[in-house]
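Encoded as structure tokens, the structure appears first; notes follow it.
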Amino acid sequence: RRLVGSLLAVAGALWAACYAAMLALAPSDVPALVRRSSLYSCPWPEHENAALTAARSASRRQQRIMLYQDADANYAPLLNLTHNYHSRYASRLGYTFRTAVRSKSGFPYPTLNRVWALNEELANAQGPAGRGRRKGKHDWFVYMDADALVYEPRCSVEALLRNRSASASALLLCHDGMGDKSVLWHVNAGVFVANLRHPLLRPLACTWRRRLHWEAWRRQALATRLFRRLVLGKPPQMWVSDQRILQEILAEYGPRYPSLAHIVPERECTFNLQHGTLIRHVFGARNLAAKMEAMTRVIASRGLRALPRGGSGNGDQNSTVLRRRDKPGRGVTTPACLHHRHL
């Protein structure tokens with residue numbers, strides 16, 4: 001009995017130590033051997049030769065594109081502000097446009113939604129074809145934050161893909177203007193383009209989600225919340241940085257897999273940041289009112305005007321729709337929106 005009791009005590013102590021370590025250590029803090037285990041990472045291929053071959057073959061197919069935006073209930077008005085405008089843009093060019101105002105991850109962190117949505121679409125794109133369903137409805141997943149706007153509707157996403165030879169990489173991102181310019185992996189994840197046919201995207205997206213799940217679990221654990229409340233005198237943390245974890249994954253795996261991400265320098269970025277000419281990201285405002293004001297200024301600068309949505313069937317009389325004052329032609333060209341000579 002004494003031996004059994006001692007063994008149980010040791011097992012309990014080990015369990016408590018492991019539990020405390022998992023709560024205290026972020027994925028970036030654990031040793032590399034543990035971080036690359038199945039606890040924190042998904043399987044990665046030994047070599048990327050197959051990925052490069054698949055990327056070249058994918059570039060010869062007609063590209064099917066999804067535009068995706070999401071927000072929590074607090075920032076839903078930003079989606080309402082541009083929803084119909086983006087919906088018409090997507091419809092005119094044959095894209096799929098989807099939005100979501102809910103938690104896909106089960107955690108109260110809206111920044112996780114984009115990662116869960118990417119994994120869902122990736123499963124559809126690379127999963128087996130089933131009865132009544134063809135394999136892979138989309139080739140590209142274009143994510144835009146709720147405070148991002150298609151700044152030049154006469155420009156197509158296909159033009160951006162060709163301009164940046166995007167089919168050769170799993171992710172197309174821009175360097176974060178507020179990050180360390182000397183660090184390549186300091187990217188801005190507010191707008192990104194994911195190549196759903198690239199084999200490296202699956203381990204990247206899966207690892208991104210797995211590490212975010214650990215980070216969210218750590219912050220939502222009862223022990224963590226009690227420690228913050230009783231010892232630190234602070235409320236539970238309401239933010240999980242998916243962007244920081246993506247940066248860590250790119251820094252860890254990017255040197256080994258050169259085709260993992262194509263990172264565009266800030267001064268050449270046309271599809272993100274506050275100077276984007278194809279997609280403009282209106283970030284930096286501290287609250288919803290400031291974001292709405294900033295977005296309204298951007299809308300006005302593009303010759304767009306806000307009108308009551310009406311007929312949307314959602315009962316929201318305060319939602320708006322954007323229309324161009326100058327009606328564009330039906331043809332889609334490659335205008336100067338992909339140039340950065342003004343930067």
Qualifying positions in the stretch 154-168 - farther than 14 Å from residue 65 by Cβ and either part of a helix (DSSP H, G or I) or open to solvent by less than 10 Å² (accessible area, probe 1.4 Å) (or both): 163, 168
Matching residues, the stretch 222-251, being assigned to a helix (DSSP H, G or I), farther than 18 Å from residue 176 by Cα and open to solvent by less than 80 Å² (accessible area, probe 1.4 Å): 223, 224, 228
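Yes/no per residue for (1) open to solvent by 10 Å² or more (accessible area, probe 1.4 Å); (2) out of contact with any Leu (no Cβ under 6 Å at 6 or more places or on another chain); (3) more than 20 Å from residue 41 (Cβ to Cβ):
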position	(1), (2), (3)
186	yes, yes, yes
193	no, no, yes
207	no, yes, no
210	yes, yes, no
220	yes, yes, yes
Enumeration of residues in the stretch 161-180 that are within 24 Å of residue 294 (Cβ to Cβ) and either out of contact with any Phe, Trp or Tyr (no Cβ under 6 Å at 6 or more places or on another chain) or of a type in the set (Lys, Arg) (or both): 174, 175, 176, 177, 178, 179
Contacts under 6 angstrom Cβ, first residue in the stretch 71-98 being within 19 Å of residue 238 (Cβ to Cβ), partner crowded, with 21+ Cβ neighbours inside 10 Å, 6 or more apart: 71/146; 72/110; 75/146; 78/146; 78/147
Qualifying residue in the stretch 82-92 (condition: open to solvent by 10 Å² or more (accessible area, probe 1.4 Å), at negative phi and in contact with an Asp or Glu (Cβ under 9 Å, 6 or more places away or on another chain)): no
Filter result for residue 327 (over 26 Å from the mean Cα position of the chain (by Cα) and either outside any strand (DSSP E or B) or at pLDDT 50 or above (or both)): yes
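The values are calculated or read from the model by the stated rules, or taken from the named source; none is laboratory data. Just so it is clear, the model here is predicted, and its values are computed rather than measured. Please note: Cβ atoms are built from the backbone with ideal geometry, for glycine as well, and neighbour counts cover all protein chains shown. Keep in mind that these areas ignore ligands, DNA and RNA; they rest on the heavy atoms of the full protein, side chains included. Shrake-Rupley method; radii C 1.70, N 1.55, O 1.52, S 1.80 Å.
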